[in-house]
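The values are calculated or read from the model by the stated rules, or taken from the named source; none is laboratory data. Not measured: the values here are computed from a predicted model. Counting neighbours? That spans all protein chains shown, and the Cβs are built from the backbone with ideal geometry, glycine included.
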There are 2 protein chains.
Amino acid sequence: MNLEQIAECHKSLGDKTRLRILSLLKVEELCVCELVEILQMTQPAISQHIRKLKNTKLVKERRQGQWIFYSLDGSIYPFFQSILDTLPDMKNEIEELKKSGRKVFCN
Amino acid sequence: MNLEQIAECHKSLGDKTRLRILSLLKVEELCVCELVEILQMTQPAISQHIRKLKNTKLVKERRQGQWIFYSLDGSIYPFFQSILDTLPDMKNEIEELKKSGRKVFCN
DNA sequence: TGATTATATAAGCATATACTTATATTAATG
DNA sequence: CATTAATATAAGTATATGCTTATATAATCA
């Protein structure tokens, strides 16, 4: 891993919305439509943030029918876990999503 | 520390030149003119990078006569040390500076 | 005090980034 | 097989970023 890659990783981390997405993914894997619901942003905006997180290998995806579930990765960055540790707990936001009936359940 | 501040910190880390500066400061404190010499960049470019690192509390300064020596800080970020650990060793670059006779010695 | 050295700041410019709206792709379903 | 739902991508735009050159500030020194 060279300096250019490390810089790209931090650029990816250098946005409040993406940090919120990572904080949410700390709780559990989520799909774009759920993130749209929680973060109250447009679907393309979320998709573009996810793309950046994917390109920098901070999240990985798992397709499940019509949904794509995103979850934390970051395994190539030795410092990633300690960064995650400083992100806030977002269990409540996920709870709210479930209460609103907008949680995607499938398997 | 809120998400906005964490994002600002990572923005600060999201630049190759600033990562090189931090890598160099891992070896020892340096002043702007030494960084100019090692990184072969203009003095205002270096000063502006240093300003960003200072604003995000990743480096601190110590004035010594006409020089200002910059050194690592980052004490407010629990993850900073693990990021530093992934940055390359730049002892050789500092050695080159000393050999070139451009190292600033004072006290 | 005037010149020199180190550093900071300001203004200008080219590129990058984060959004928007519109459209394309992909999978499920009736 | 046409429609719907989830997601991705493209194009446009406003703001941010990283450089440049020019100038200001601050400390030293002759």
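Among the listed residues B:ILE50, B:ILE68, which satisfies the condition of being in a strand (DSSP E or B) and β-branched (Val, Ile, Thr)? Steps first, please.
Details: B:ILE50 fails: in a strand (DSSP E or B).
Going through B:ILE50, B:ILE68 in turn, just one is in a strand (DSSP E or B) and β-branched (Val, Ile, Thr): B:ILE68.
Every residue in segment B:14-49 that is farther than 27 Å from A:LYS52 by Cα and of a type in the set (A, V, I, L, M), please.
First, the residues of segment B:14-49 that are farther than 27 Å from A:LYS52 by Cα: B:24-47.
Answer for segment B:14-49, where residues must be farther than 27 Å from A:LYS52 by Cα and of a type in the set (A, V, I, L, M): B:LEU24, B:LEU25, B:VAL27, B:LEU30, B:VAL32, B:LEU35, B:VAL36, B:ILE38, B:LEU39, B:MET41, B:ALA45, B:ILE46.
Please find, within segment B:70-93, the residue that is nearest to DNA strand D (Cβ to nearest atom) out of those that are out of contact with any Leu (no Cβ under 7 Å at 6 or more places or on another chain) and away from every other protein chain (no Cβ under 14 Å).
Filtering first and then ranking leaves B:ASN92.
Can you pull out every residue in segment A:69-83 that is surrounded by fewer than 17 Cβ atoms within 10 Å (Cβ to Cβ) and touching a residue at least 24 places away in the same chain (Cβ under 8 Å)?
A:SER71, A:ILE76
Which residue is nearest to the other protein chains (Cβ to nearest Cβ), if the candidates are limited to segment A:35-47 and must be in contact (Cβ under 8 Å) with a residue 12 or more places away in the chain and not in a loop (DSSP other than H, G, I, E, B)? Let's see the steps before the verdict.
The initial filter retains those residues of segment A:35-47 that are in contact (Cβ under 8 Å) with a residue 12 or more places away in the chain, namely A:35, A:37-39, A:41, A:45-47.
If we keep only those that are not in a loop (DSSP other than H, G, I, E, B) too, we end up with A:35, A:37-39, A:45-47.
Numbers: A:LEU35: 15, A:GLU37: 19, A:ILE38: 14, A:LEU39: 12, A:ALA45: 16, A:ILE46: 16, A:SER47: 20 Å.
If we take residues in segment A:35-47 being in contact (Cβ under 8 Å) with a residue 12 or more places away in the chain and not in a loop (DSSP other than H, G, I, E, B), then A:LEU39 is nearest to the other protein chains (Cβ to nearest Cβ).
Can you find, within segment B:53-69, the residue that is nearest to DNA strand D (Cβ to nearest atom) among those that are within 14 Å of another protein chain (Cβ to nearest Cβ) and under 10 Å from the mean Cα position of the chain (by Cα)?
Going through the qualifying residues, I end up with B:LEU53.
What are the residues in segment B:71-93 that are in a loop (DSSP other than H, G, I, E, B) and within 16 Å of DNA strand C (Cβ to nearest atom), if any? It would help to see each step written out before you state the result.
Residues of segment B:71-93 in a loop (DSSP other than H, G, I, E, B): B:73-79, B:87-90.
Within segment B:71-93, B:ASP73 is the sole residue that qualifies.
Against the definition (among the hydroxyl-bearing types (Ser, Thr, Tyr) and away from DNA strand C (no atom under 16 Å from the Cβ)), how does A:SER47 come out, yes or no?
Numbers: among the hydroxyl-bearing types (Ser, Thr, Tyr): yes; away from DNA strand C (no atom under 16 Å from the Cβ): no.
Answer is no for this residue.
Among the candidates A:VAL32, A:VAL27, A:VAL104, which residue alone is at pLDDT 95 or above, over 23 Å from B:LEU87 (Cα atoms) and within 16 Å of DNA strand D (Cβ to nearest atom)?
After ruling out the rest, the residue left standing is A:VAL32.
For residues in segment A:3-29 being within 18 Å of B:SER23 (Cα to Cα) and either at the interface with chain B (Cβ under 7 Å from one of its Cβ atoms) or in contact with a helix residue (DSSP H, G or I) (Cβ under 6 Å, 6 or more places away or on another chain) (or both), which is surrounded by the most Cβ atoms within 10 Å (Cβ to Cβ)?
Just the residues of segment A:3-29 that are within 18 Å of B:SER23 (Cα to Cα), to begin with: A:3-11.
When the remaining residues are screened for being either at the interface with chain B (Cβ under 7 Å from one of its Cβ atoms) or in contact with a helix residue (DSSP H, G or I) (Cβ under 6 Å, 6 or more places away or on another chain) (or both), the result is A:3-4, A:6-7, A:10-11.
On the way: A:LEU3: 18, A:GLU4: 10, A:ILE6: 21, A:ALA7: 19, A:HIS10: 23, A:LYS11: 17.
Ranking the candidates gives A:HIS10 first.
I'd like the full set of residues that are under 22 Å from A:GLU4 (Cβ atoms) and more than 10 Å from DNA strand D (Cβ to nearest atom), limited to segment B:37-52. Spell out the reasoning first.
Of all residues in segment B:37-52, those under 22 Å from A:GLU4 (Cβ atoms) come to B:38-42, B:45-46, B:48-50, B:52.
Residues satisfying the conditions are B:ILE38, B:ILE50.
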